[in-house]
Amino acid sequence: MVFSRGFLVAVGLSFFPICLNAQVSGVPETASGPTWTDTWSPLRPVANLPRMFPGFSLDPTVGLVDSPPGVGLFWTGGNPAGMAREIVGEFSALEMGTFRETGDYRPPLQPGEETSYRGTVFGWSRLGSSGAGIGRVVVDRSAVDGPAFSQVVSPYSSNPLVVFDTVGAPRNWTAVLIEGGGGWALGRLSLGMSAGVEVRKMSTDGAPAPVSTRTSLPAASVGASWEIKENVLAIGTHARWGESKHSLGQFSLVAPSRIYELAGFDTPAMHNLVGTVLRRRIESDGGAVGVQVAGRVGGMRLAVSGELLEEDAARFDGSAATSWKDRWEADGWSISAGAAGTFSRTAYHVSVTGKTVEGSLRLPDTPRPTFRSEEARWSLLFDLRRAWDAWHLGFSGGLIRDSRKARDGAVGVGSDLRTWIPAGLIKAGGKVGSRWSASLGLGVSAYVPHGTLPEPSALGTPYQEWVAPGLSFFGSQSTTTTIVGRLQRHLNEGSFLFFAGGFSRISPSDQAFPLPTTPDGDRTLLSLRIGFCRSRD
Amino acid sequence: VTPSPRTRSVLAILVFLFFGPPSSLGGQTPTGRLSGTISDVDSRLPLEGVMVRIEGTRLVAFTDTLGRFDFPSAPAGRHMVRAERLGYATNRVAVMIPSGGTIRKDIPMSVTALRVEGITVVADPVAKPKTGLGTASVIERTAIRHQTATTLGDVLQLSPGVEFSAPGLGAIEQIALRSTPTTGTTSSVLGRSASDLAAFGTLVVVDGIPLSNNGNLQTLGNRGELFLTTSAGGGIDLRKVPASTIERVEVIRGIPSVRYGDLTHGAVVVETRTGEFEAEVLGRLSANNHEVSASNGTTFSDGRHATTLFLDWARTKTQPGVSDDAARRLTVQAGHRFIPGSGVDNTDRLVFDSRLVFFTLTDDRPENPNVRFNRSSSSKDRGIRLLERIDLELSPETNLHVMGSFSRTYQRSSSSAELIRSALPFTNRTEEGRQEGFFVIGPYVADVEVEGVPSTFFGRLEVRHERRGRRWHHDLLGGLELRREWTPGEGVQFDMERPAQSSFNGVEGYDRPRAFDEIPGISSSAVYVEDRLRLAIGDESLLQVQGGVRVDLLHDGRSWFSGLRDVVLAPRINLEWTPVPSVRLRTGFGRLAKLPAISDLYPAPQYYDVVNVNQLTPDPAEQLAVLTTFIRDPENPDLGFSQGTKLEAGFEASVGESFLSVSVFEDRIRGAVAIRPEPSFLLRDHFQLTDSIIGNGIKPEIVLPPSSSDTVPILIDRPGNYVRQDNVGIEAIVAFQEIRALRTRLHLTGSWVKTRMEAPATFFGPADRFSGFQIQTAQTRVPYWVGAAETGEKVLASYRLIHQQPSIGLVVTAAVQHNIYDKVVDETATDTLAFEGYVTRDGRLVPVPEEERGNPEYSDLRRSRGGYLLETGGTPGDWMMSLQVSKSLPFGGTLNFWAFNVLDNRGLFATIKHQSRFFSPMQFGLEVNLAPGAFLGGGP
C-alpha cells in the first residue's frame, strides 16, 4: 500500500527527510524543495560538496510539494529516463515566499543580513500515454544589507577559488533558475533528457567601489533505462554535464578597495584598487556518469544509484585572458539508496547517501598541487508518517557525517574536521472545520565537529582575518531549534492554498572553550510563504 | 502539330502582354455573382494575392489588399471554390451560385508551413508585403510577443542577417538591411556601418508615416571633443518605436514598391494595432530593464468608431549598480477610426483613420563621482506625430487614399566635461576680421547645449484602380508625395570663453554657437505610378508582375515651387512566377534614392582663428593675443540624392510543412553623401610689438602694417556625393517540419553579405598629423592619399529550436546566433609608398609619380596612412545562445523568462591571426502579459 496523494493533500501534512538548506542539500541556492525533488535536477553540483552549515533550514516542503517521497531511477538516481514510469498524474505548485536571515554567528564571507523574495513554480505531468515531463522555475531577489564581501556565489564550497573585497558594500542578487526534462517509454526501453540553466546577477547599489557580477550555469542530462521485469526491476544509466561561468568586476575610481583571491591557506593574492577596474572570471566544467537499479519488493520500492564525478575550475585574470592563473581539479563518486513503503499504517521513506570529492589546486608555474582536499559526506535520513481519522503525526530525522581534510603545501599546514549532525523533527496536524487544516512542527539538531585546525598566528594577516574565522565557525559546536507551522485552505479536489511560516535559531553550544576566532552571537532565519498547490492522480 | 499546354500558356502570356486583356469570354449559361473575403484563420487579417478558382471552369480571381475577391459573372449552380496561396493550406469550399443572384462566401485559410498550434515565434518568410513582391520577412504580433522585444530594433532580429542584442534601450539602434560593417579605420568619414551615415538609409514607415532622421542636428560635429548620445548623421533610432504597439512589421529587403522613397537599404513597414482587441498589460523586469505597457482597442456605434490607446514606459540602466546611466522612454498613442458606412451592405466606402503619438526618449548619463568625475551628458527627445488617413472607395474598383502627417520632435542635448589644456589664445569673434583675443588657462569645465526641433510634414495622394478579368488582375497605383523637413531651434550654444572644443592650435579654431532657425530645411516631392498584374496560367501556374516608376525631386529652398536641385528617375520591377502552388520563382530590379540630410545640405560655417600674436607672460597685464578669424562656407550647391540600384533573384519552395527560401542580391549605391576634406590655405600676418620686454608690466600693441605674412594650410569639410557602396549576398530561410513526437521544430535563417565601401576622395591621414603640419611653419609638406576602400564580409546564421507543449501552454525557444565567418579588410594600400603626393602650405596638391615615391627626396612623405596594416584570415566561427520560455497563464496571460547570451559567451579576442568578436554579456529577465478584460469578464 502506498500513500494516497489525495489523503496527504487533504490533511496538508508532509514529512520529508530533514531538508537542509540549499547549500547542504547540494542544489543551487535558488532551488527549493525536499531533497528527493532536487535529485533529478540537472543543475545539482557535480564534484562539489559545499560545506555543511550548522542547523537546518525550515522545511521547504511545506506547501510546495505534498506528494509522498519518490523512489526510483529518476527520483533517487536523477536518471531522466526514469520519468516515463515514475511520474504519475499531474502536480503543480506556485509559491511566493520571503526569507530573512540575520545574526552574527556566521563565517566572514557570509552576508550579515539578507532578505530574499522568492517565487517558485514547480510541476510535473504525464505527456501523452508514454511520456512525462517535469519543470521548475525559481526567481529569487536577495538584498544584502549587512556587510557582504564575497564576489562569488558560494564562498564555502569544495572549490577554494574565492574572490572577495574589503569594502563589503550592500548588494542585490537576482537569480533565475529554470530547468525541465522529459522522458518517454518505448516498450521496455525508456529515454529521457533534462536541461536547465541558472543565471545570476549581483550589483552593489551606490557603493564607493561598485561591484557587479554575473553567472551562468547551464547543465544537461541524458539517460536510458531498461525494464527487466515490468513494474518489478529496472536498470538505467545516465550522463550529465554542467558548466559555470562567473564574471566579476570591481570599479574603484574614487574610493580605494582591496581585492583578495583566496586559494587555500596561503596568503592570498591581493590587489589594491585605486582608480581602476579589476575583472576576474572563474569558469568550471564538470560531468558525471551513473548507473541505477530500482525495483519493488512486496510493497516496498527500492532504488540504488551510483555516480562517478569529475569537475575542473579555473580562475582567469581580466575578461580577455585565455590562460588560467589557478586551476582546481576534483573528482569523486556518490552513491544513494532509497526505500519507501508502508508498514502497519505507517508510511516510511529511508535514504542513505554518500559522496566523496578529492581535489587539488595548481598554479601555472608549479608542477605539484599547492592545495589538496578530501571531503566526504554520508547521511542516513528517514521519514515516518501515520494518519488517524482527524489528526496525523509524523517524525523525520537522520544522522549526517561530514568530513573534510585539507592541506596547503605552500605553507605546510592543514585542517581536518569531522562533523556529526543528528537531527529530528516531529510534526502534528489535523482538520479545522471542513475546509481548513493546520499543522505544527518542532525540530532540533546538533552540529558536533571535532578535529584540528591550523594555528592562526603562524599564518598571515589575511588568513587570520578571513580564513581562520570561517574554519573556527565550522569547527564549533552549535544547536539549532526550529518551529514551523502551516495553515491550509482546501479549494476543491486536489488543490489548496497554503500559508506557512517558520522560525529557526542557531546558537553556539560550546562557549566554555571557544576557538579564538569563533564569531559571537547567534543567527536566526524567519520565513513566510504563501502558495497554491494542485495535484491530480 | 498541336501545341503543348506550356506552349499555349506562353503564347497566351505574349498575346496578353502585347494586346491587353481579352474581351469577356462569358458563355451562354445562366450566371450569378460570387464574392467574398479571404482571411487568415488565426489573425483574421485579410489575405492579399490569394488565387481563387471556380473548379471546372477557367475563372480565376485574386484577392485585393482587403482580401476581397469577386466573380461578377460566374456560372450558376453548385461549384467547388478553391483558394490557394503559398504557405497556406489550400482550402476548397462548396458554394451554390444562384442564377441571376449574388452570393457571398468568406473563406478562412490556415498556415501550413510554419505554424503549429497557433503559436508563431519566428518571422514569416512566406508572407509578402502588402504593397509588393520584393523579398520580405513579415513579423506578426504573435512572433513579437515571443521575442521579448522593447523596441523595433529588437523585433528586427527575426530577419536574416541581423545580429541578436539584448532587449532594452541601452544603446542607439540603427539598421542598414543587406549590408555588413566594414573596418571604419581608413577613413573616418565612412563610418563603420551604413547605418552610421545619413546618406544611406533603411526607410522606417510607421502607420504610413515615414520616420526621418534627416533633420536631426543634435551633434557636435566631427571636430568636437565632447560627445552626445545621438543618432544624428546616421540612421533612424529604432528605440523610438515601442514593440508593444506593433501589430505587424514588413521587413522589405528586396525591391520595394514605388510608394517608398528616401531609402537605399530596404524598408521596414510597421503597422501598429488598431480596431478592437483585448486589453493587454505587459510588465517586464530585469536587472537592466523595466517596462510597463498597456493597450486597449474598443469599437462602438455598431463598429463605426474604433478607438485604440497605448501607453508604454520603459527604462534601461546600462550599468546597474555601477553608474546611474539610464535611457527612458514614454509613449502614448491614441488612435481613432471612423467608418461612416460600416454595417451597411458590409462596405467600407469611406474610412477615416487618425493617430496621435506622443513620445519622450531620454538618454541620461549623469555625473558619477565614483566612476566618472566631472563628466555628464544628456539627450532628450520629446515628440508628437499626428496622422490623418482617408480611404475612399470611389467605385468597387477604384480607391482614393489621402494622408497627411505632421511630426515634430523637441530635441535637447547637453554635455559637460572637464577639458585639460595648457594656455591657449581664443577669440569670440563671429565675423571675419582681426581682433584682440584672450587666453584660456588650465583645465576648465566645458558645457554645451544643442537644441533642435526637427519637424516633418508628409502628404500623400494616391489612387488605386483594379481591373479584373477571368484569369488576370491589374492593380494600378498612382500617387503624389509632398514632404518638407526643417529644424528650427536655438541650435548649438556654449560659452565662448569655455568652448567645447579646445584642441585649439591657432588655425583649426573652434566652431561658434549656431542657431538652427536660419537653416532652410528640405523640400522634396515625388510622383509614382505602378501596376501589379496577376495572371493565371493553366490550372496551377501564376505569374505576377509589379512594375512602376517613381520620380523623386529635391527642391531648392523652402517650398515645392522654388526650383529643382536634383531629380532621380527610379524605375522598379518585380517578377514572380508560381509554376505550381509549392514553388515560387522571383526576380526584381529597382532604383532607389535617399535625400541628403539637412546637416549635409546646410553644414555649419567653419571658423578658422589664425593667431597673429601669442604673448603669454606671467603678468596678465603684459599678455597679448591677437587673432584673425576666417570663415569658410563648406556648403556644396551641387549636393543631391544618394542613388542606389537593387537587383535580386530568388525562389521559395515548400515540401509538406517544410519551407525553403533563397535570395541572391546585389545592391549598388552611388553618390552617397559624406564629408570630403578639401585643402585650402589662409594668409597669416605677423606683427612687431611695441613692447616685448617681459616683466615691465606694460601691455604691448601690434605695429601696423604687418611685418611679414605666411600661409596656413587648412581643410574644409565639404559634403559631396562621392561615396560608393556595393553589397552582394545570399539569404536563406529554412523552416523544417515539426518533429511531431517531440513537438519541436527548427527554423534557420542564414546570410552571406559582403559590403564594400569606397570613397574616391583625397585624404590626409590621422587628424593630428595635419594639425601638426599647420602649426609647424618649417614643415613644407605632408603626404596625401587618394581613395579609401574597406570591405566587410559576414556569414551569419541563426537557428531557432522551438519546442511547444500546447496542452500546458509552454513554448521554449532556444535561439542560436552563429557567426560563421567575419572578415573586414582595408583594401586601400596603407604602406609607406601608398601616398599619392603631397600638399603644400598653400593648399596645393602635388602628385608624385609612383615610381619616384621611393626616392630619397620624398623620405618625409613615406608615412603610414593608418588602418589595418595586416590582412587577417577573418575571424573564426563562434556562437551564442539565447533562451526564452513562455508559459500561458489563466485568463489569456503569459509568463516569459528570457535570457540573452544565456551561456555568457564572451566571444573571441584579437590575435595575430584574427580580429576580435565580442558578444554582449548575459542578461535575463521576466515578462508578464495579462489580459485584464478576460480576467474581469471571467474568460477562460
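The values are calculated or read from the model by the stated rules, or taken from the named source; none is laboratory data. Because the structure is predicted, anything quoted here is derived from the model rather than measured. Every residue, glycine as well, gets a Cβ built from its backbone with ideal geometry; the counts of neighbours run over all protein chains shown.
Computed quantities for the displayed model
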| item | result |
| --- | --- |
| Failed item in (1) more than 9 Å from chain B (Cβ to nearest Cβ); (2) surrounded by 23 or more Cβ atoms within 10 Å (Cβ to Cβ); (3) not hydroxyl-bearing (Ser, Thr, Tyr), with A:Val211 passing the rest | (1) |
| Scope the range A:465-508; condition in a loop (DSSP other than H, G, I, E, B) and in contact with a strand residue (DSSP E or B) (Cβ under 6 Å, 6 or more places away or on another chain); matching residues | A:Gly475, A:Ser476, A:Gln477, A:Gly494 |
| Top-ranked residue of the range A:421-464 - restricted to ones that are in a strand (DSSP E or B) and hydroxyl-bearing (Ser, Thr, Tyr), ranked as nearest to A:Glu375 (Cα to Cα) | A:Thr452 |
| Single residue of the range A:301-325 satisfying the filter (within 14 Å of chain B (Cβ to nearest Cβ) and not in a strand (DSSP E or B)) that is nearest to B:Ser916 (Cα to Cα) | A:Ala320 |
| Those residues of the range B:440-473 which are in contact with a Leu (Cβ under 6 Å, 6 or more places away or on another chain) and either surrounded by 18 or more Cβ atoms within 10 Å (Cβ to Cβ) or among the aliphatic types (A, V, I, L, M) (or both), in sequence order | B:Val440, B:Ala446, B:Val448, B:Gly452, B:Leu461, B:Val463, B:Arg464, B:Arg470, B:Trp472 |
| Residue in the range A:431-448 that is surrounded by fewer than 17 Cβ atoms within 10 Å (Cβ to Cβ), among the basic types (Lys, Arg) and under 23 Å from A:Lys355 (Cβ atoms) present | no |
| Test: residue in the range A:288-295 that is without any contact (Cβ under 8 Å) to a residue 40 or more places away in the chain and either surrounded by fewer than 23 Cβ atoms within 10 Å (Cβ to Cβ) or assigned to a strand (DSSP E or B) (or both) | no |
| Count of residues meeting criterion [buried (at least 20 other Cβ atoms within 10 Å of the Cβ) and in a strand (DSSP E or B)] in the range B:762-788 | 6 |
| Of residues in the range B:262-284 being modelled with pLDDT of 90 or more and farther than 25 Å from B:Val205 by Cβ, the one farthest from the other protein chains (Cβ to nearest Cβ) | B:Val281 |
| Residue among B:Ile733, B:Ile675, B:Ile693 that is more than 30 Å from B:Val811 (Cβ to Cβ), β-branched (Val, Ile, Thr) and either part of a strand (DSSP E or B) or in contact (Cβ under 8 Å) with a residue 60 or more places away in the chain (or both) | B:Ile675 |
| Test: residue in the range B:591-611 that is under 29 Å from the mean Cα position of the chain (by Cα), crowded, with 17+ Cβ neighbours inside 10 Å, under 30 Å from B:Glu55 (Cβ atoms) and in contact (Cβ under 8 Å) with a residue 60 or more places away in the chain | no |
| Considering residues of the range B:915-934 that are of a type in the set (S, T, N, Q) and under 30 Å from A:Ser247 (Cβ atoms) only, the residue farthest from the other protein chains (Cβ to nearest Cβ) | B:Gln915 |
| Residue in the range B:245-263 that is in a helix (DSSP H, G or I) and not basic (Lys, Arg) present | yes |
| Residues located in the range A:168-196, provided they are free of Cβ contacts under 8 Å to residues at least 40 places away in the same chain and either on the phi > 0 side of the Ramachandran plot or facing chain B (nearest Cβ under 7 Å) (or both) | A:Gly168, A:Thr174, A:Gly187 |
| Residue identified as small (Gly, Ala, Ser) and surrounded by fewer than 16 Cβ atoms within 10 Å (Cβ to Cβ) among B:Ala829, B:Ala834, B:Ala814 | B:Ala829 |
| Selection status of B:Ser244, surrounded by 21 or more Cβ atoms within 10 Å (Cβ to Cβ), farther than 23 Å from B:Thr456 by Cα and within 14 Å of chain A (Cβ to nearest Cβ) | no |
| A:Val152 vs. criteria in a loop (DSSP other than H, G, I, E, B), within 14 Å of another protein chain (Cβ to nearest Cβ) and either touching a strand residue (DSSP E or B) at 6+ places or on another chain (Cβ under 6 Å) or crowded, with 22+ Cβ neighbours inside 10 Å (or both) | no |
| A:Gly133, sole failed condition from (1) free of Cβ contacts under 8 Å to residues at least 60 places away in the same chain; (2) surrounded by fewer than 19 Cβ atoms within 10 Å (Cβ to Cβ); (3) not hydrophobic (A, V, I, L, M, F, W, C) | (2) |
| Total residues in the range A:215-254, condition free of Cβ contacts under 8 Å to residues at least 40 places away in the same chain, facing chain B (nearest Cβ under 10 Å) and touching a Gly at 6+ places or on another chain (Cβ under 9 Å) | 2 |
| Filtered residues of the range A:127-148 (kept if among the charged types (D, E, K, R) and within 12 Å of chain B (Cβ to nearest Cβ)) | A:Arg136, A:Asp140, A:Arg141 |
| Matching entry among B:Asn374, B:Asn399 (being over 30 Å from B:Pro488 (Cβ atoms), away from chain A (no Cβ under 14 Å) and either at pLDDT below 90 or surrounded by 14 or more Cβ atoms within 10 Å (Cβ to Cβ) (or both)) | B:Asn399 |
| Candidate set from the range B:298-327 (those that are at pLDDT 85 or above and outside any strand (DSSP E or B)); member that is nearest to the other protein chains (Cβ to nearest Cβ) | B:Asp324 |
| Given (1) hydroxyl-bearing (Ser, Thr, Tyr); (2) in a strand (DSSP E or B); (3) modelled with pLDDT under 95, index of the condition B:Ser405 fails | (3) |
| Residue that is nearest to B:Gln884 (Cα to Cα) [pool: residues in the range B:793-814 that are away from every other protein chain (no Cβ under 14 Å) and hydrophobic (A, V, I, L, M, F, W, C)] | B:Ile802 |
| Of all residues making up the range B:569-602, the number that are at pLDDT below 90 and not in a strand (DSSP E or B) | 2 |
| In the range B:869-893, residue surrounded by the fewest Cβ atoms within 10 Å (Cβ to Cβ) [restricted to those that are at pLDDT below 85 and within 13 Å of chain A (Cβ to nearest Cβ)] | B:Pro890 |
